[in-house]
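The values are calculated or read from the model by the stated rules, or taken from the named source; none is laboratory data. All of these numbers come straight from a predicted model, not from anything done at the bench. Here the Cβ positions follow ideal geometry from the backbone for every residue, glycine too, while neighbour counts run over all protein chains shown.
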Amino acid sequence: MYELSYDPEGDILEVVFDENLQQAEQTAFEFRDGVVLYTTAVTMQPVQLTLVSYRELEQFPVIHFDGWDTLSKSDKALLAPMLKSPAISAFLRIDPETGTGHIASPNMLEALPLAA
């Protein structure tokens, strides 16, 4: 299960995948400015996904994740299966071949009580 937190002033959506992993040493992968996936440094488990300018991002049918292009081949190989996992793909879709994708659930905030 995951926890959602939305800051309307900053337009920041944070998805915490496992609260128990928050204290673990983490590595941050920035897929583009304001789109960051945090994983545990050792086991590469997803900890948190941060989406800055969420409402703006959800408007685009296709987003180029230019940070994906700068990742090493080994990082891409580790991250590609994680991006396809149900936890992450519920929020973010990135094609590992092209580095393009989109927000998986546009208008998700309207369904949340905290978005009111």
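One line per residue, one yes/no per condition, for (1) basic (Lys, Arg); (2) surrounded by 17 or more Cβ atoms within 10 Å (Cβ to Cβ); (3) at pLDDT 95 or above:
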{"site": "Tyr6", "(1), (2), (3)": "no, yes, no"}
{"site": "Thr39", "(1), (2), (3)": "no, yes, yes"}
{"site": "Val42", "(1), (2), (3)": "no, no, no"}
{"site": "Val52", "(1), (2), (3)": "no, yes, yes"}
{"site": "Pro61", "(1), (2), (3)": "no, no, no"}
{"site": "Leu71", "(1), (2), (3)": "no, yes, yes"}
{"site": "Leu79", "(1), (2), (3)": "no, yes, yes"}
{"site": "Ser85", "(1), (2), (3)": "no, no, no"}
Among the residues of the range 15-28, write down those that are under 25 Å from Thr100 (Cβ atoms) and surrounded by 18 or more Cβ atoms within 10 Å (Cβ to Cβ).
-> Val15, Phe17
Does Phe17 satisfy the condition of being modelled with pLDDT under 95, touching a helix residue (DSSP H, G or I) at 6+ places or on another chain (Cβ under 6 Å) and within 18 Å of Met108 (Cβ to Cβ)?
-> yes
Out of Val16, Val42, which single residue is out of contact with any His (no Cβ under 9 Å at 6 or more places or on another chain), of a type in the set (Val, Ile, Thr) and within 19 Å of Met1 (Cα to Cα)?
-> Val16
Say whether the condition of being of a type in the set (Lys, Arg) and within 18 Å of Thr100 (Cβ to Cβ) is met by at least one residue in the range 32-55.
-> yes
Examine the range 22-32 for a residue that is aromatic (Phe, Trp, Tyr), over 20 Å from Tyr6 (Cβ atoms) and either in contact with a Leu (Cβ under 6 Å, 6 or more places away or on another chain) or at pLDDT below 95 (or both), and state whether such a residue exists.
-> yes
Grab the strands (runs of 3 or more DSSP E) fully contained in the chain, keeping just those with 2 or more residues being of a type in the set (Val, Ile, Thr) and without any contact (Cβ under 8 Å) to a residue 60 or more places away in the chain.
-> 12-16, 35-40, 46-52, 100-103
